[in-house]
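Novice: What follows is a single structure, and I will ask about it in a moment.
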Amino acid sequence: MWCLDLALKQATSWLSHYVSAVRLCSSMLVLNHRCEKFVGNGNIKLISQSASQTTVDPDELRRFQSLACKWWDEQGEFAALHAMNDLRVPFIRDNLLNLHRARHPGKPLAGLKILDVGCGGGLLTEPLGRLGAKVLGIDPVENSIGTAQLHSSFDPDLCERVSYQVCTLEELSGGEEEGVGHFDAVVASEVVEHLADVETFAFCCSQVLKPGGSLFITTMNKTNLSYVLGIVVAEQLLRIVPSGTHDWEKFISPVDLERLLESTGFSVQSVKGMLYNPLLRAWSWSDSTAINYALHAVKLSKQAEDSGLHPEDHTAETHS
């Protein structure tokens, strides 16, 4: 218990009123949950699998269907996602600019094609489009896509750069028009923790990316602290997100996610911890990845993958 107590003390600067509740819930967690270890024996299957499996969890589909009309309420259930743009948009922009030189003043991502997986109402799709990228947002929830299309229609500047499609990632990766090797970047922000099959997700991301293309993920670590703060506090006490939004069993650690991606032909470039302050309703970068984290990976070229060569590892943070 001392490790959990130490971790909880790091969060008391913004959660002082809920420390007693957090400690009680964390004690229950230790009794009822065991962290799962990454099983490396399945790595070979990842490389050869097809996109016949599905990433969609029917329960998640129904949950987001009920919230589809609320995406653009900045004070509502998705307020934390709106605030997250202050971190994730620069994270995506800056890492892409490290790989692609800006070609248009004021539109640094002009000329790049980006796929926003699980785009919801377009909260991240739109700002990426305003940076000049041509962005396709996909989501299996038809009403969410309808909300995204309606909202973007009010901005004429987005008409030629942002489009939406009702489909899954595996459906897109198996198509010809938007299929293999089409995108410069794939973004999956707060999506992985809702998927039914992360292995199929990683495989399909590799399929739709060009060699050297970037994969950006933000998600939640699988730790005792992420359960306490991400579910007990965020869902049940502070009501930051609706109850039942997250399933701790679907959370994945940066180490396990990195192993999975590397087995699918990616090289992880950076992992950064993220922390949400519910009092200020703002996100900040953190030295710890114990709760939320952002990851940037690059798809290796076939030649680099066969030779075992990897781009220089820029990961500065430790996985904690």
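The values are calculated or read from the model by the stated rules, or taken from the named source; none is laboratory data. Note that the structure is a prediction, hence the values are computed from the model and not measured. As a convention, Cβ positions derive from the backbone with ideal geometry for all residues, glycine included, and neighbour counts pool all protein chains shown. To get the accessible areas, we keep the full protein, side chains included, count just its heavy atoms, and leave off ligands, DNA and RNA. Shrake-Rupley method; radii C 1.70, N 1.55, O 1.52, S 1.80 Å.
Novice: Checking F203 against (1) touching a Ser or Thr at 6+ places or on another chain (Cβ under 6 Å); (2) surrounded by fewer than 23 Cβ atoms within 10 Å (Cβ to Cβ); (3) not acidic (D, E): exactly one of these is not met. Which one?
Specialist: If we test F203 against (1) touching a Ser or Thr at 6+ places or on another chain (Cβ under 6 Å); (2) surrounded by fewer than 23 Cβ atoms within 10 Å (Cβ to Cβ); (3) not acidic (D, E), just (2) comes out false.
Novice: Looking at (1) within 30 Å of K70 (Cα to Cα); (2) modelled with pLDDT of 95 or more; (3) in contact with a strand residue (DSSP E or B) (Cβ under 6 Å, 6 or more places away or on another chain), find the lone condition where T223 falls short.
Specialist: (3)
Here's the yes/no breakdown for (1) in contact with a Leu (Cβ under 8 Å, 6 or more places away or on another chain); (2) surrounded by 19 or more Cβ atoms within 10 Å (Cβ to Cβ):
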{"site": "R88", "(1), (2)": "yes, yes"}
{"site": "I92", "(1), (2)": "yes, yes"}
{"site": "L96", "(1), (2)": "yes, yes"}
{"site": "R101", "(1), (2)": "no, no"}
{"site": "H104", "(1), (2)": "no, no"}
{"site": "K107", "(1), (2)": "yes, no"}
{"site": "L115", "(1), (2)": "yes, yes"}
{"site": "G122", "(1), (2)": "no, yes"}
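Novice: Restricting to segment 140-175, name every residue that is open to solvent by less than 20 Å² (accessible area, probe 1.4 Å) and free of Cβ contacts under 8 Å to residues at least 60 places away in the same chain.
Specialist: I145, S152, L158, V162, C167, L172
Novice: Kindly indicate which of D184, D197 is surrounded by 16 or more Cβ atoms within 10 Å (Cβ to Cβ), among the charged types (D, E, K, R) and under 29 Å from G230 (Cα atoms).
Specialist: Result of the check over D184, D197: D197.
Novice: Do the conditions hold for I231, that is, is it free of Cβ contacts under 8 Å to residues at least 40 places away in the same chain, crowded, with 20+ Cβ neighbours inside 10 Å and touching a helix residue (DSSP H, G or I) at 6+ places or on another chain (Cβ under 7 Å)?
Specialist: Here the answer is yes, as I231 does meet what is asked.
Novice: If you check every pair at least six apart or on different chains, which have Cβ atoms under 6 Å apart with a residue in segment 268-288 that is open to solvent by 60 Å² or more (accessible area, probe 1.4 Å) first and a residue that is assigned to a strand (DSSP E or B) and not small (G, A, S) second?
Specialist: Filtered contacts from segment 268-288: W285/K272.
Novice: Another question, if that's okay. Given the condition at pLDDT 85 or above and open to solvent by less than 40 Å² (accessible area, probe 1.4 Å), answer yes or no: does some residue in segment 302-312 qualify?
Specialist: Within segment 302-312 (the criterion being at pLDDT 85 or above and open to solvent by less than 40 Å² (accessible area, probe 1.4 Å)), the answer is no, since none of the residues qualifies.
Novice: A follow-up question, please. Can you name the residue in segment 65-74 that is open to solvent by 40 Å² or more (accessible area, probe 1.4 Å) and part of a helix (DSSP H, G or I) and, of all such residues, is nearest to L275 (Cα to Cα)?
Specialist: K70
Novice: Which residue, of V232, V268, V191, V198, is out of contact with any strand residue (DSSP E or B) (no Cβ under 7 Å at 6 or more places or on another chain), among the β-branched types (V, I, T) and closer than 26 Å to D139 by Cα?
Specialist: V198
Novice: Name the residues in segment 75-86 that are surrounded by fewer than 20 Cβ atoms within 10 Å (Cβ to Cβ) and touching a helix residue (DSSP H, G or I) at 6+ places or on another chain (Cβ under 7 Å), would you?
Specialist: Correct list: G76, E77, N85.
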